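Asks: One structure, pasted below without further comment.
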Amino acid sequence: MNIVVLVKQVPDSGSERKLDSSDNTVARASADNVINEMDEYAIEEALTVKESQGGEVTVLTVGPGSATDAIRKALSMGADKAVHVTDDAVHGSCAVQTSAVIAAALQQLEYDLVLCGAESTDGQVSVMPALLSERLGIPHLSGARKLTVEGTTVRVERQTDGGYWMLESSLPAIVSTWDTINEPRYPSFKGIMAAKKKPVETKSLADLGVDPASVGLATATSRVLDFAGRPPKGEGVKVADEGDGAEKLVGYLAAQKLV
Amino acid sequence: MAEVLVLVELNPSGTGVRKTTLEALTAARALGEVSAVVVGAPGTAAGVHDALAEYGAAKVYVAESEEMDAYLVAPKAEVLAQLVGQVSPAAVVIPSSSEGKEVAGRLAIKTGSGFLTDVTEIAADGTATQVAFAGGTVVHSQVTVGTPIYTLRGNSVAPEPSPAAAAEEPVSIALSEQAKQTRVLDRVVETKSSRPELTEAAIVVSGGRGVASAENFSVIEGLADSLGAAVGASRAAVDSGFYPHTFQVGQTGKTVSPQLYIAVGISGAIQHRAGMQTSKTIVAVNKDAEAPIFELADFGVVGDLNTVVPAATQQIAARK
Ligand SMILES: Cc1cc2nc3c(=O)[nH]c(=O)nc-3n(C[C@H](O)[C@H](O)[C@H](O)COP(=O)(O)OP(=O)(O)OC[C@H]3O[C@@H](n4cnc5c(N)ncnc54)[C@H](O)[C@@H]3O)c2cc1C
Ligand SMILES: Nc1ncnc2c1ncn2[C@@H]1O[C@H](COP(=O)(O)O)[C@@H](O)[C@H]1O
């Protein structure tokens, strides 16, 4: 079983995140960058499938040079090798363009199963796997909270409001995972040491046969016109409960015509 | 006048349209004359026709067959792609659920178009408003290639009736093999709730780690029920096993934007704010006067939730 896990490096949601005013793209250089949290669940799931079925886990990321940190994290958790697509021309690409790059990189790999996170925390677009499914002509089983592989059949419990849908397709397929699917392992000291020796292949757009003019800000399918900080909320009212907290609270709601 | 396609999203129960559909119909009117698109099992359109007529659908394209519900998402994208080819609409507007976003992405590739997700407003010239980074940044964007596709975030636009003909037009389509790759074997409902759906509710009452136990979440539920509200939870509350994951509000949970959001025993971490910051009015109850949630709250009570909340519940009930 050959499994490819897609990981993305994102600005840490706990630190300050900004758009870059020179070109209205996510300011990645100044940000505190981390592996997209949801992707750790995809890595964990890939390792679990490998442990029961054998095979190899390859990490694939499209991103700037600093994305090697995300790759290291995945390798130290136990992935076998990595492909890092990095090219200055990719900067400012929209999801449609990025999906063409990821699809081209996947076509150079052998895979039975592609795993990815259900969403990334920077754009929260949650469409990448659907775009890839459409481009590669392979089924997408989305929002998995449970995954089973039997022979060439993959089954997923797709998490929904108040329940789940049982999905099934044949392999190869792409599965996106929620954070309810497992508990990602922490890299062990041994894992961290071993990761340093694992192969990381760097590829450019030329290596993938992707035309640099087809990606990047100039040909993006959508564009940010302008952005601004949200106007700060007016100072709120804060009262201490001196036995009358509930009364004040209900009084406020009534004054606002909310009760 | 240009035609605008709106994908109809049904209630999870399968009966009637979701409020998000009415919102999408309302928002789409800024761009042209609205045609609703119904994709589902035979009989689906009959159940939603009146609502679509009331909210401004001049036309209703109906693609009905047993197959439409047997496979995941892809049939909807295929029907929309065919219609985009046939009627060259000015835009396509889709409710921003996880299914809606998948449809949008597939449609973008099929039609060679750009898309914008989770938009909160669409102007007549096609410029969309989006809220980025935990609600802290407001962005204006435009699709620059193909037929603009938008997914509209729930509760961003107030549905407004505008009666129209809702003339039905059947769509005949043979699904491709690719659209049939992911089979839906079963749809399982685990929790049935009499409370409003979290992302649609006008009022949400959420509990955090401060609630301290699963049993004590009855305090949150009590207040919610007195207000006819949905119940939400912070991730800490979910991770501690106090409340099921489907009710998590925040970056890795649901995004809500109700008229009133009441945060109880929640500190207000940035990842929690990401899911509730655009609520119209925010009220907080927390015993720590320094909790960051108070920076966001229109009204805050510094006190113990176990005394303040049950008393407030009683007083609200007494007002009825
Ligand atoms: C990548 C990532 C994604 C995340 N996604 C989410 C998400 O989607 N949603 C989310 O909520 N969090 C998310 N988090 C977690 C987030 O950072 C916080 O840890 C979490 O929101 C804290 O939950 P809390 O406020 O309930 O708990 P705490 O921070 O522990 O706060 C509990 C609060 O309760 C108060 N309290 C305690 N007892 C009482 C009492 N008796 N009466 C009144 N007040 C009391 C305390 O003063 C405190 O302020 C995410 C984190 C990461 C790293
Ligand atoms: N540039 C990228 N490189 C590798 N994987 C990505 C990239 N962008 C998105 N993904 C994957 O797609 C998932 C969904 O991302 P998104 O559509 O951006 O919310 C992420 O969790 C990743 O697994």
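Asks: Hey, among the residues in region B:66-122 that are in contact (Cβ under 8 Å) with a residue 40 or more places away in the chain and polar (S, T, N, Q), which one's surrounded by the most Cβ atoms within 10 Å (Cβ to Cβ)?
Replies: So the residue we want is B:96.
Asks: So, one more: How many residues does region B:284-302 contain that are β-branched (Val, Ile, Thr) and either within 16 Å of ligand 2 (Cβ to nearest atom) or facing another protein chain (nearest Cβ under 7 Å) (or both)?
Replies: Looking only at region B:284-302, we keep the residues that are β-branched (Val, Ile, Thr), and these are B:285, B:293, B:301-302.
Checking which are either within 16 Å of ligand 2 (Cβ to nearest atom) or facing another protein chain (nearest Cβ under 7 Å) (or both) leaves us with B:301-302.
Final tally of qualifying residues: 2.
Asks: Quick check on region A:108-129: of everything there that is in contact with a strand residue (DSSP E or B) (Cβ under 6 Å, 6 or more places away or on another chain) and at the interface with another protein chain (Cβ under 10 Å from one of its Cβ atoms), which residue is nearest to ligand 1 (Cβ to nearest atom)?
Replies: A:121
Asks: Just to be sure before I move on: is residue B:275 under 30 Å from residue A:168 (Cβ atoms), buried (at least 23 other Cβ atoms within 10 Å of the Cβ) and within 16 Å of ligand 2 (Cβ to nearest atom) in the structure I sent? Give the steps one after another, and end with the answer.
Replies: Working: under 30 Å from residue A:168 (Cβ atoms): no; buried (at least 23 other Cβ atoms within 10 Å of the Cβ): yes; within 16 Å of ligand 2 (Cβ to nearest atom): yes.
Here the answer is no, as residue B:275 does not meet what is asked.
Asks: Can you tell which of B:218, B:194, B:213 is more than 16 Å from ligand 2 (Cβ to nearest atom), part of a loop (DSSP other than H, G, I, E, B), at pLDDT 90 or above and farther than 30 Å from residue A:11 by Cβ? Steps first, answer last, please.
Replies: Details: B:218 fails: part of a loop (DSSP other than H, G, I, E, B); B:194 fails: at pLDDT 90 or above.
None of the other options fit; the residue is B:213.
Asks: Specify the residue that is farthest from ligand 1 (Cβ to nearest atom); the eligible residues are those in region A:26-56 that are more than 11 Å from chain B (Cβ to nearest Cβ) and part of a strand (DSSP E or B). It would help to see each step written out before you state the result.
Replies: Within region A:26-56, the subset more than 11 Å from chain B (Cβ to nearest Cβ) is A:28-30, A:32-35, A:39-40, A:42-56.
In the following step, the residues that additionally are part of a strand (DSSP E or B) were identified as A:33-35, A:56.
Values: A:33: 13, A:34: 8, A:35: 10, A:56: 28 Å.
Applying the filter and picking the extreme gives A:56.
Asks: Within region B:205-256, track down each residue that is within 12 Å of chain A (Cβ to nearest Cβ) and on the phi > 0 side of the Ramachandran plot.
Replies: Of everything in region B:205-256, those that are within 12 Å of chain A (Cβ to nearest Cβ) and on the phi > 0 side of the Ramachandran plot turn out to be B:228, B:250.
Asks: Next question. Considering only residues that are assigned to a helix (DSSP H, G or I) and either facing chain B (nearest Cβ under 7 Å) or surrounded by fewer than 17 Cβ atoms within 10 Å (Cβ to Cβ) (or both), which ones fall in region A:220-259?
Replies: Quick first cut of region A:220-259, residues assigned to a helix (DSSP H, G or I) only: A:245-255.
Answer for region A:220-259, where residues must be assigned to a helix (DSSP H, G or I) and either facing chain B (nearest Cβ under 7 Å) or surrounded by fewer than 17 Cβ atoms within 10 Å (Cβ to Cβ) (or both): A:245, A:246, A:247, A:248, A:249, A:250, A:251, A:252, A:254, A:255.
Asks: Among the residues of region B:257-271 satisfying the criterion of being within 11 Å of chain A (Cβ to nearest Cβ) and in contact with a helix residue (DSSP H, G or I) (Cβ under 9 Å, 6 or more places away or on another chain), which is nearest to residue A:259 (Cα to Cα)?
Replies: B:260
Asks: In this structure, does residue A:160 turn out to be buried (at least 16 other Cβ atoms within 10 Å of the Cβ), at the interface with chain B (Cβ under 8 Å from one of its Cβ atoms) and farther than 18 Å from residue A:115 by Cβ? Quick ask: steps written out before the conclusion?
Replies: Working: buried (at least 16 other Cβ atoms within 10 Å of the Cβ): yes; at the interface with chain B (Cβ under 8 Å from one of its Cβ atoms): yes; farther than 18 Å from residue A:115 by Cβ: yes.
Considered against the rule, which asks whether it is buried (at least 16 other Cβ atoms within 10 Å of the Cβ), at the interface with chain B (Cβ under 8 Å from one of its Cβ atoms) and farther than 18 Å from residue A:115 by Cβ, residue A:160 comes out as yes.
Asks: Please determine whether any residue of region A:98-121 is over 21 Å from residue B:109 (Cα atoms), of a type in the set (Val, Ile, Thr) and surrounded by fewer than 21 Cβ atoms within 10 Å (Cβ to Cβ). Even if it seems obvious, please write down each step before you answer.
Replies: Quick first cut of region A:98-121, residues over 21 Å from residue B:109 (Cα atoms) only: A:109-113, A:121.
Subset that is of a type in the set (Val, Ile, Thr): A:121.
The next check asks that each one be surrounded by fewer than 21 Cβ atoms within 10 Å (Cβ to Cβ); those that pass are none.
Scanning region A:98-121, I find no residue that is over 21 Å from residue B:109 (Cα atoms), of a type in the set (Val, Ile, Thr) and surrounded by fewer than 21 Cβ atoms within 10 Å (Cβ to Cβ), so the answer is no.
Asks: A further question follows. State yes or no: is residue A:46 surrounded by 24 or more Cβ atoms within 10 Å (Cβ to Cβ) and farther than 27 Å from residue A:206 by Cβ? Give the derivation first.
Replies: Numbers: surrounded by 24 or more Cβ atoms within 10 Å (Cβ to Cβ): yes; farther than 27 Å from residue A:206 by Cβ: yes.
Here the answer is yes, as residue A:46 does meet what is asked.
The values are calculated or read from the model by the stated rules, or taken from the named source; none is laboratory data. Small disclaimer: the values here were computed from a predicted structure and weren't measured. Backbone-built Cβ (ideal geometry, glycine too); neighbour counts: all protein chains shown.
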